[in-house]
Amino acid sequence: MHDWPTRGESVTATLRPVMLAVLVAIWLGTALVCLGPGYDWGLRIMAQAGAEGWLAAAAVVGGAILDAVLGLGLLWRRWRRLALRAQIGLMLAYMVIITMLVPLYWSDPFAAVGKNAVLIVATLWLLWTEPGRKEAPPK
């Protein structure tokens, strides 16, 4: 009898690295955009939320650094579970803060805030399918 992987095992083995790469790109890309071409836009959003000056700048830069750290955390298996959990927490926190301070972003035609729901589900899937410390990664 052959020890063929099930369809679910095959899908997981194929999609996990793709999903990880996409999430790394999203988190690092967000960090780079916030520190580069989107910096002024970030300051405008902070002003809409009631923060200006050094506080707004610190929030934009701090958020970008946090995004970068969480993106990089996905690259090291040792830190991946922690990074995935922190990403879920951060996305939920961002959504609550946006809802309370600048709810108009829920009506963004590109659904920037609503898309976090999909990212949370993808992140949960990665977390739940992450091999344990002693468990070998899928072949």
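Do we have any residue at all in the stretch 124-139 that's open to solvent by less than 40 Å² (accessible area, probe 1.4 Å), in a helix (DSSP H, G or I) and either among the basic types (Lys, Arg) or at pLDDT 95 or above (or both)? Yes, there is a match, as at least one residue in the stretch 124-139 is open to solvent by less than 40 Å² (accessible area, probe 1.4 Å), in a helix (DSSP H, G or I) and either among the basic types (Lys, Arg) or at pLDDT 95 or above (or both). No other residue among 92, 75 is modelled with pLDDT of 95 or more, out of contact with any Cys (no Cβ under 8 Å at 6 or more places or on another chain), aliphatic (A, V, I, L, M) and in a loop (DSSP other than H, G, I, E, B) apart from 75.
Using the structure shown, decide if residue 68 is in contact with a Gly (Cβ under 8 Å, 6 or more places away or on another chain) and in a helix (DSSP H, G or I). No, not satisfied.
Of all residues in the stretch 39-65, those satisfying the criterion of being buried (at least 16 other Cβ atoms within 10 Å of the Cβ) and not aliphatic (A, V, I, L, M) are 42, 63. Here 31, 51 are screened, and the one residue that is over 21 Å from the mean Cα position of the chain (by Cα) and either in a helix (DSSP H, G or I) or modelled with pLDDT of 95 or more (or both) is 51.
Just to check your reading of the model, which residue among 60, 22 is modelled with pLDDT of 95 or more and in contact with a Cys (Cβ under 8 Å, 6 or more places away or on another chain)?
60
Considering the conditions (1) at pLDDT 95 or above; (2) over 26 Å from residue 21 (Cβ atoms), residue 109 is excluded by exactly one of them, (1). In the stretch 67-93, which residues are closer than 20 Å to residue 44 by Cα and exposed (fewer than 15 other Cβ atoms within 10 Å of the Cβ)? If the condition is that a residue be closer than 20 Å to residue 44 by Cα and exposed (fewer than 15 other Cβ atoms within 10 Å of the Cβ), then 93 is the only one that fits.
Of everything listed in (1) closer than 21 Å to residue 27 by Cβ; (2) more than 16 Å from the chain's Cα centre (by Cα), the single unmet condition for residue 87 is (2). Being free of Cβ contacts under 8 Å to residues at least 40 places away in the same chain and of a type in the set (Val, Ile, Thr) is the filter here; which residues of the stretch 99-136 pass it? Within the stretch 99-136, 99, 113, 118, 120, 121 qualify.
The values are calculated or read from the model by the stated rules, or taken from the named source; none is laboratory data. In this text the structure is predicted, and so the values were computed from the model without any measurement. Every residue, glycine as well, gets a Cβ built from its backbone with ideal geometry; the counts of neighbours run over all protein chains shown. Accessible surface areas use protein heavy atoms only, side chains included; no ligands, DNA or RNA. Shrake-Rupley method; radii C 1.70, N 1.55, O 1.52, S 1.80 Å.
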